[in-house]
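The block underneath contains the structure these notes are about, expressed in structure tokens.
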Amino acid sequence: MYIPRAYAINELAEQQHFIQHHPLATLITRQQGIVQADHIPMLISENEPMRLLGHVARANPLWQEHDAQEPVLLIFQGADAYISPNWYPSKALHGKDVPTWNYQAVHVYGRLIVHDDVVWLKDFLEKLTNQHESRFASPWQVSDAPEDYMQKMLKAIVGIEIVVERIVGKYKLSQNRQTADCQGAINGLAAQPSEKEKLLLAEMCRVNALTPE
């Protein structure tokens with residue numbers, strides 16, 4: 001991923017924060033010489049070095065056909081939105097502005113390990129479920145399901161673990177613009193109706209320490 005210096009996110013804590021809030025990854029692998037993509041929710045392991053845990057359907061050929069000698073790539077993406085040059089005050093001065101697209105992404109490179117192990121899977125699923133159910137008043141737990149049914153479900157999936165070797169982050173949020181233009185982009189997004197634009201707006205405000213006017 002091309003990352004201009006203004007957009008680079010190098011702090012591991014921020015990268016992990018982003019992954020935790022945008023856990024659905026696009027996993028890029030090479031399977032029998034063909035590049036494949038799968039979309040998998042991932043969980044950051046508590047162990048060191050950093051590892052990402054997930055699962056796939058047993059019917060998915062990924063776990064058997066991925067090239068174990070090749071590194072894999074996980075792509076995590078957040079909100080994104082179109083940015084109109086009409087929102088920049090500088091456009092009214094010289095007209096030398098064009099549209100762009102703002103977004104956030106974190107790329108993780110590593111090695112893929114397969115876990116065809118019911119004990120590993122149950123422990124992983126309990127942690128994954130607890131993380132996402134914790135915001136509910138009455139969270140669902142793995143133990144809520146009948147044991148025989150859960151055993152059947154566990155046999156239908158296979159665990160995967162990515163041992164992280166490199167991680168890079170990019171937040172393209174108008175940091176390269178003059179403050180007035182960045183403020184203009186924030187004001188422009190604030191006037192838009194979609195939830196996606198509101199999510200990007202919140203991140204632009206946080207990263208640039210600005211608020212809509």
Exercise for review: Go through the range 140-182 and count every residue that is in a helix (DSSP H, G or I) and in contact (Cβ under 8 Å) with a residue 60 or more places away in the chain.
Suggested key: 2
Exercise for review: Can you run down the residue pairs with Cβ atoms below 6 Å, 6 or more apart or on separate chains, where the first is in the range 188-212 and without any contact (Cβ under 8 Å) to a residue 24 or more places away in the chain and the partner is part of a loop (DSSP other than H, G, I, E, B)?
Suggested key: Ala190/Pro212; Cys205/Thr211
Practice item. May I ask you to verify whether Asp80 is surrounded by fewer than 19 Cβ atoms within 10 Å (Cβ to Cβ) and either over 21 Å from the mean Cα position of the chain (by Cα) or polar (S, T, N, Q) (or both)? Key: no
Check your understanding: Name the residues in the range 91-134 that are over 30 Å from Glu11 (Cβ atoms), in contact with a Lys or Arg (Cβ under 8 Å, 6 or more places away or on another chain) and outside any loop (DSSP other than H, G, I, E, B), would you?
Key -> Val118
**Study point:** Residue in the range 122-143 that is of a type in the set (Ser, Thr, Tyr), within 19 Å of Ile19 (Cα to Cα) and touching a strand residue (DSSP E or B) at 6+ places or on another chain (Cβ under 7 Å) present
**Key:** no
Practice item. Go through the range 14-56 and give me each residue that's within 14 Å of the chain's Cα centre (by Cα) and not in a strand (DSSP E or B). Key: Glu14, Gln15, Gln16, His17, Phe18, Ile19, Gln20, His21, His22, Pro23, Met42
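Computed from the coordinates by the stated procedures, all read-outs in this text should not be read as laboratory data. Everything numeric in this text was worked out from a predicted model, so none of it was measured. In this analysis, Cβ positions are derived from the backbone assuming ideal geometry, glycine residues included, and neighbour counts consider all displayed protein chains.
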